[in-house]
1. Read phi for every residue in the range A:172-180 and hand back ³J(HN,Hα) as whole Hz from Karplus 6.51 cos²θ - 1.76 cosθ + 1.60, θ = phi - 60°, with x for Gly and Pro.
2. Along the charge dipole of the protein assembly as shown, Cβ charges K/R +1 and D/E -1, which of B:Ser58, A:Pro332, A:Asn377 sits furthest on the positive end?
3. Show me, bin by bin at 5 Å from 0, the whole-percent P(r) of the range A:30-302 based on Cα pairs.
4. Dividing the alpha-carbon Rg of the range A:41-81 by 2.2 N^0.38 Å yields what?
5. So how strong a dipole does the range A:331-425 carry about its Cα centre when Lys and Arg Cβ are +1 and Asp and Glu Cβ are -1, to the nearest 20 debye?
6. Which value in Å does the Kirkwood hydrodynamic radius of the range A:79-195 take, with 1/r averaged over all unlike C-alpha pairs and then inverted?
7. Starting from the Cα of A:Lys384, draw a straight line to each of the aspartates and glutamates and keep only those under 19 Å, dropping any in the same chain fewer than 8 residues away.
8. P(r) of the range A:59-141 in 10 Å steps, Cα pairs, percent per bin?
Amino acid sequence: MTTATTSTSKVAADTSGGSLRFYGVWLLGIAALIVLPMIFSSGGSLTSFSLIGIAIVFALSYNILLGQTGLLSFGHAVHYGLGGFAACHMMNAVVSHGWPIPLPFIPLFGGLGGLIFAVIIGWVMTKRAGTVFAMISLGIGELVASSSLILRSVFGGESGITTDRTALPKMLGWSFGSQLQVYYLIAFWLVLSTIAMYALTRTPLGRISNAVRDNPERVQFIGYDPHVVRYLAFCFAGFFAGVAGGLAAINFEIANSAYLGAIQSGFVLFSTFIGGTAYFFGPILGAIMVTYLQLGLANLTSAWQLYFGIIFIGIVMFSPGGIAGLLMMHRPLVRAGTLWTVIPSYLVAVVPTLAFACGVILTIETVARYSTGEAINLFGIGFKPTSPITWIAAAVLVVGGAFIARLSWRQIAEAWDRAATIARDRGYVA
Amino acid sequence: MSGAVSDKGAAIEVRAVEKRFGNVGIIRDLNLSVAQGERHAIIGPNGAGKSTTFNLISGHIKPTSGEVRLNGDVISGLRPFEINRRGLSRSFQVTNVFARMTVWENVRCAVLWATGHRYAFWKNVDSLPEVRERTAQILDDIHLTHRRDVPAGLLTYAEQRELEIGITIAGGATVVMLDEPTAGMSHAETDRAVSLIRRLTEGKTLVIVEHDMSVVFGLADRISVLVYGHIIASGTPEEIRRDPKVKEAYLGEEAH
């Protein structure tokens, strides 16, 4: 998964070492998925892993649009939600008709739900890229979300459509009553979808999608209709979003209008962008981080969405390549063997940067909890939001931290320039 | 003149083409004929409509009236990719490559349609031998093999211009149109580019817009002179050099 979807075209099979590493990464990922619930076996962590798995499939499907084809969608949750509803209806139909379809096949119908809507709506939507596409996707998103509350027979109104996953025919003795079995079902579809979406990036269509992203005008002069390319990419993205929605429907045993709303669309945009759109594995990192933060932060603070906003703005401004971009920046340095010259400046920067971050957190929490007077617990230290001592501490940390942190960041930049120049001279650009 | 003249007639035939933007006529009664296998240069002062002519022929913009034929078939009104699939390929005056993709990917994308892989999403693009061979061949032709894994946006200007030519010819088009391929190049780079163009368009029809007169007179079999959206003369380099209208309208202007 270290191969960039954009730049490096190194055929993995070129060298046996490269192919070994390539398959090694995949096998390691699969092994981790199998072993994880054995290490963290509490119900809470199983639920978290399940949600993260769903979020990864969803974010990867979104990156087919954003990262690979250059389409910014504000309504991707439509396909996720419709996939969820399709899966719920299918599960109920299987139960009431007694069809011999076990639960593990249900996400496929979720995918079909997302795909069919994409096939119908996509041709008009993908006629143009850029702002036009973004605006239409926003409109379609709102349209479907509000329709879901009106069309009660299909969407079940406010309460949504409920289902019982254990009522489906068993497969290999698995009834999927426990969260552990659901986790493995999600993990199975996660692996399947990830492989499929990765393979898609390495097909003629996948490469031409990149070309459409970079330069839709020029694509027309090498024989391709960018509209068709965008449409096909849109259909694939819709299918895999539907698979994710189907998995969510299995996990929660319900599909409701929240599945296809703007919040869900924003969530997937967040995850994908924070993770990084330029590399295939970026959205995986983003989905893990955002889902984990969402689950963790929501328990800690009522202002958790504010932190999300800050993280998102920080990434957009300082690291448009996301986490993956930050990581991959280091690849030429690792290859050229100059990474060690940068590490000390990183270590120096850790303390002031953390101090600055603590100051920001303390400020936000003081404001958020001022009226309730609820105490703030920051790394074991208690602060009273009404106490001037807290305010002074926050101010000192923010101002002092920012001042020293800026100096240390400048050190990093200088160390970076030196290391990158050496790497470039040695012929490592990426 | 090189290349055999096919019984289909002219490679490109532009008949009475007009292009208006609002009330402004950019191209007026344009007539142009390029024979099969000919190297045809279009020259003219700035703003004469040379790039517009390219855009009209390649389908980038549609003519207001008149028709364009490619190998005898009417192509005016077709979309650019439809015209490209019929064997006409063009480059751009402003470098127009896929900046975030590598040199290898750039050329390979330009090979995919012609090798019949189109929108395939069931084939591994790395395991298509004919695509790989053709891409490698073109990279070799444009001398960029050593830069194959560099993102196109990081190439030098001259390299980007060479890549531009590589992308243009990669699909195996029989009619190649190059819009100022040597613009902004040094003398040495220009010489290199000209010999590259000469070699890569061997046996093909070439239409070229160029400001560098040494390139034009060295490369072209025939020259058309475009002034204010109208072709005032068309002929061999010798004829053009002697043509009094051309001297007055164009070469005279350039001389001072």
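1. Each residue's phi maps through the Karplus curve to give 6, x, 8, 9, 6, x, 8, 5, 4 Hz.
2. Result: A:Asn377, furthest along the dipole toward the positive end.
3. Once binned at 5 Å, the Cα pair distances of the range A:30-302 give 1, 6, 13, 18, 19, 17, 12, 8, 4, 2, 1, 0.
4. Working it through for the range A:41-81, the quotient is 1.45.
5. Value, rounded to 20: 200 debye.
6. 16.0 Å
7. Output for A:Lys384: A:Glu365, A:Glu374.
8. The distribution over the range A:59-141 is 18, 44, 23, 13, 2, given as percents.
Read-outs throughout are calculated quantities, based only on the coordinates presented, and are distinct from any laboratory measurement. Note that the structure is predicted; figures quoted are calculated from it, not measured. Ideal geometry is used to build each Cβ from the backbone, glycine not excepted, and the neighbour counts take in all protein chains shown.
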